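As structure tokens, the structure follows; a few thoughts come after it.
The values are calculated or read from the model by the stated rules, or taken from the named source; none is laboratory data. Bear in mind the structure is a predicted one, so any value in this text is a computation, not a measurement. In this analysis, Cβ positions are derived from the backbone assuming ideal geometry, glycine residues included, and neighbour counts consider all displayed protein chains. Quick note on the areas: whole protein, heavy atoms, side chains included, nothing else; ligands and nucleic acids left out. Shrake-Rupley method; radii C 1.70, N 1.55, O 1.52, S 1.80 Å.
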Amino acid sequence: MGYRGVKAVHVGKYLEIELADGDKAAYQKQIDEACHKLLSNPVIEDYHFTIE
Amino acid sequence: MNFAVLQFPGTNRESDAVHILQNVLGHSARLVWHKEASLGNVDGVIVPGGFSYGDYLRTGAVARFSPIMQDVKRFADAGGHVLGICNGFQILCEAGLLPGALVRNKSLQFRCEHVFLKTATTNSPFTSKIAKGQLMRVPIAHGEGCYFATDATLKELQAKDQILWQYSDAKGALTEAANPNGSLMNIAGVLNEKRNVAGLMPHPENASEPLLGSADGRAIFESLVHSLANKANFQT
């Protein structure tokens with residue numbers, strides 16, 4: 001298709017989680033655990049998340 | 001022997017597993033619904049194939065949180081024998097009871113066909129009655145059967161003799177053409193380190209009677225029954 005300069009293509013999942021007001025540090029810990037245990041499989045997937 | 005065959009929403013072929021254990025081999029087997037908290041008094045557990053919880057998120061990812069899987073973990077940790085078939089294999093990997101993971105077939109297609117399996121070790125409760133060098137012709141039916149594990153895990157699997165079956169051609173050669181899904185090292189089934197939990201992508205329960213075109217898969221269930229009856233001990 002003529003797209004130049006592409007070295008690699010990665011495909012993944014994008015999840016949006018809505019949180020109630022609360023302690024950001026506690027959410028950080030909780031979501032990291034959820035990513036590790038359920039939302040991704042660390043054997044085959046990497047994950048990263050940001051809390052806004 | 002007394003077997004539990006698990007049933008999740010979306011499970012299939014569970015009746016085939018019950019049929020083999022009950023009608024073909026003459027043992028007792030009952031279906032256990034995912035919401036049950038206890039397996040009851042059983043000698044072995046079969047986690048059958050299908051699309052548990054619609055395969056949402058990842059294959060097997062949701063099933064492992066079900067009430068019954070907590071008791072399967074307890075049972076396995078206590079040394080109980082568990083065999084996962086197809087989606088059952090995926091569930092056991094997600095539950096951390098087996099090493100590695102199953103990802104989308106390399107072809108990106110759902111594959112439904114017969115394959116040949118070469119038994120890599122008979123030093124397990126699931127393969128002890130399989131004649132050395134004997135190939136098994138069994139069907140596969142999956143879209144996510146490509147076995148993946150890190151290099152370190154693969155080395156450990158080899159060192160500890162945990163690879164149970166590999167896809168081969170009709171002559172027993174582990175070729176790329178005979179690999180239906182792109183699995184690393186043609187791996188079709190593996191064992192845990194304690195040698196009491198196993199999983200495989202093919203369906204031996206659909207190849208355990210001559211009427212179905214192959215009775216080769218029966219040797220897996222016979223091995224399991226024999227090992228349980230004799231309280232056989234397998235170590236590496």
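Things to note:
- Gain upon complete extension [B:Asp161, B:Glu36; 0.36 nm per residue less C-alpha separation]: 41.6 nm
- Three-way shape label, segment B:99-226, alpha-carbon gyration tensor, a/c 1.5: oblate
- Base-10 log of normalised Debye intensity for segment B:49-111 (one unit scatterer per alpha-carbon) at q = 0.27, 0.29 Å⁻¹: -1.25, -1.38
- Cα shape, chain B, gyration tensor, a/c 1.5 rule: rounded
- Segment B:165-236, Cα convex hull volume normalised per residue, Å³: 117
- Look at the stretch A:32-40: the mean tally of other chain Cβ atoms within 10 Å of its residues' Cβ atoms is 2.
- Cα long-axis angle, helix A:24-34 against chain A (0 to 90 degrees, to the nearest 10): 60
- P(r) for segment B:17-136, from all Cα pairs and a bin width of 10 Å, is 11, 38, 37, 13, 0 %, short bins first.
- DSSP bridge pairs, the protein assembly as shown: antiparallel proportion in percent, nearest 5: 60
- Distance in nm between pseudo-label sites at B:Asn123 and B:Ala170 (7 Å out along the Cβ direction from Cα): 3.3
- Since only B:Asn206, B:Ser227, B:Val138 are under comparison, the one whose Cα sits farthest along the positive direction of the charge dipole of segment B:138-236, derived from C-beta charges on Lys, Arg, Asp and Glu, is B:Ser227.
- Here the relative contact order of chain B, from alpha carbon pairs under 8 Å that lie six or more residues apart, stands at 19 percent.
- Spin-label model distance (nm) - B:Thr150 vs B:Met185, 7 Å beyond Cα toward Cβ: 1.6
- Interface residues, segment B:137-174 - accessible area loss of 30 Å² or more versus chain alone, probe 1.4 Å: B:Phe148
- Farthest toward the positive end of the dipole of chain A, out of A:Ala26, A:Met1, A:Leu39, is the Cα of A:Met1, where the dipole comes from beta carbon charges about the Cα centre.
- Checking every one of the chymotrypsin sites (Phe, Trp or Tyr not before Pro) in chain A against DSSP loop status and a limit of 15 other Cβ atoms within 10 Å picks out A:Tyr3, A:Tyr14, A:Phe49.
- Rounded FRET efficiency, nearest 0.05, which uses the C-beta distance separating B:Gln109 from A:Tyr14 and R0 of 25 Å: 0.50
- Sparse packing (at most 12 other Cβ atoms within 10 Å of the Cβ) combined with a DSSP loop state is found for the following trypsin sites (Lys or Arg not before Pro) in segment B:104-149: B:Lys132.
- Computed about its Cα centre, the charge dipole of chain B is approximately 240 debye, with only Lys, Arg, Asp and Glu carrying charge at their Cβ.
- Interface B-A: total buried accessible area of about 900 Å², 1.4 Å probe, protein heavy atoms only.
- Between B:Phe65 and B:Leu211, the FRET efficiency estimated from the beta carbon spacing at R0 = 35 angstrom works out to 0.40.
- Under the combined filter of DSSP loop state and at most 12 neighbouring Cβ atoms within 10 Å, segment B:141-236 retains these GluC sites (Glu not before Pro): B:Glu176.
- Kyte-Doolittle at least -1.0, axis length at least 15 Å by Cα - qualifying DSSP helices, chain B: B:67-77, B:218-229
- Surface per residue (accessible, 1.4 Å probe) for segment B:1-126, Å²: 39
- In summary, the convex hull built on the alpha carbon positions of segment B:132-181 has an orientation-averaged projected area of 4.3 nm².
- For the protein assembly as shown, with all protein chains in place and a probe radius of 1.4 Å, 52% of the accessible heavy-atom surface sits on carbon or sulfur.
- A compact globular protein would have a Cα radius of gyration near 2.2 N^0.38 Å; the ratio found for the protein assembly as shown is 1.04.
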